[in-house]
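These notes are about the structure you will find just below.
The values are calculated or read from the model by the stated rules, or taken from the named source; none is laboratory data. Values in this document were obtained by computation on a predicted structure and should not be read as measured data. Neighbour counts run over all protein chains shown; Cβ positions are idealised from the backbone, glycine included. SASA here: full protein model, heavy atoms, side chains in, ligands and nucleic acids out. Shrake-Rupley method; radii C 1.70, N 1.55, O 1.52, S 1.80 Å.
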Amino acid sequence: IQRTDRFQAAAYNGQTTAVVGNQGVIVYSQDEGASWKRHTLLGWPALIGIAACPNGDLAALAYDSKVYLSSDNGASWNPKIIPTEETPQAITCSADNHLWVVGSFTFMWVSRDNGETWAETTRDEDSIFTTVQFVSDSTGFVTGEFGVFMKTRDGGENWESLPPLPNEFYSQASYFRSENEGWSVGLGGKILYTNDGGANWEEQVTNVPVALYGITEVNGTLYVAGGEGTLLQLVDDRWIPVVH
């Protein structure tokens, strides 16, 4: 790695771990981190997200409305353009290998042909979608600015607005373990938790004041990453610091 690298996101497709960041940098490992290779995309795009698809493809999202696809475990990356002037924020891949991207002004894009074409929708609201995730073939969630919370029950064909997160909570990242149980993290060290599909949310104590930017589950344990090197894990319903 280089001193100027700012890594933003990581994904694992069962064979390759890929980490993306600024200036088009992608580092990837095929031996669980024992060794790494470095790839730099032409034009040095700012990469802000990456997703692993069920078919093994990796999809990296760039701030300039491009998606870079790799079907050879990170060795090569092919750019696909999202035809929009809005700013993308997050990417995921659904169970049917469709690419989903969300972004500014409540825009959402989906490609069902590996990025060749994109269909877009918007709620025409001045709000930013920051996360998108599918937990099953039919159920998916979107969260974002002003506590925006949306759900699909039919694989993304339709999205319904659910009651917003408390106090217009600005979700930086969300993770749903199932259709009912989920977490959302954001500024000020706040973590919100729901066990009824978002009908109700409660704040979980972290005792950290920094912004929280990422959440993931590894071998049944939840981890949250944030500013100033903060890394938390959930142990017996308590968020405790990970010493590193």
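Can you name every residue in the stretch 75-91 that is surrounded by 13 or more Cβ atoms within 10 Å (Cβ to Cβ), of a type in the set (A, V, I, L, M, F, W, C) and in a loop (DSSP other than H, G, I, E, B)? Across the stretch 75-91, the qualifying residues are W77, I82. Scanning the stretch 11-30 for residues that are part of a strand (DSSP E or B) and open to solvent by less than 100 Å² (accessible area, probe 1.4 Å) turns up A11, T17, A18, V19, V20, G21, V25, I26, V27, Y28, S29. For T117, are the conditions met, namely being open to solvent by 20 Å² or more (accessible area, probe 1.4 Å), over 27 Å from K37 (Cα atoms), over 19 Å from the mean Cα position of the chain (by Cα) and β-branched (V, I, T)? Judged against the criteria, T117 is a match. Among the residues of the stretch 53-73, those identified as surrounded by fewer than 21 Cβ atoms within 10 Å (Cβ to Cβ) and closer than 23 Å to G14 by Cβ are P54, N55, G56, D57, L69, S71, D72, N73. The condition (being open to solvent by 40 Å² or more (accessible area, probe 1.4 Å), over 18 Å from N200 (Cα atoms) and modelled with pLDDT of 95 or more) is satisfied by just one residue among V135, V110: V135. The residue that is surrounded by the most Cβ atoms within 10 Å (Cβ to Cβ), counting only those in the stretch 31-52 that are more than 22 Å from I215 (Cα to Cα) and in contact with a helix residue (DSSP H, G or I) (Cβ under 6 Å, 6 or more places away or on another chain), is P45.
The set of residues from the stretch 164-195 being more than 15 Å from L232 (Cβ to Cβ), in a loop (DSSP other than H, G, I, E, B) and of a type outside the set (S, T, Y) comprises P164, L165, F169, R177, E179, N180, E181, N195. Hey, can you tell me all the residues within the stretch 196-212 that are touching a Ser or Thr at 6+ places or on another chain (Cβ under 9 Å) and part of a strand (DSSP E or B)? Matches in the stretch 196-212: E202, L212.
Yes/no per residue for (1) of a type outside the set (G, A, S); (2) open to solvent by less than 80 Å² (accessible area, probe 1.4 Å):
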{"site": "G147", "(1), (2)": "no, yes"}
{"site": "G156", "(1), (2)": "no, yes"}
{"site": "I191", "(1), (2)": "yes, yes"}
{"site": "E203", "(1), (2)": "yes, no"}
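Of all the residues in the stretch 120-132, those that are of a type outside the set (S, T, N, Q) and buried (at least 18 other Cβ atoms within 10 Å of the Cβ) number 3. So, in the stretch 14-57, exactly how many residues are small (G, A, S) and more than 18 Å from I81 (Cα to Cα)? Residues that pass the stated criteria total 9. For the stretch 118-132, a residue qualifies if it is out of contact with any Lys or Arg (no Cβ under 9 Å at 6 or more places or on another chain) and under 17 Å from E157 (Cβ atoms), and the qualifying residues are E120, T121, T122, R123, V132.
Tell me yes or no: at least one residue of the stretch 2-10 is within 14 Å of the chain's Cα centre (by Cα), open to solvent by less than 20 Å² (accessible area, probe 1.4 Å) and at pLDDT 95 or above.
no
Of all residues in the stretch 92-106, those satisfying the criterion of being buried (at least 19 other Cβ atoms within 10 Å of the Cβ) and of a type outside the set (A, V, I, L, M, F, W, C) are T92, S94, G103, S104, T106.
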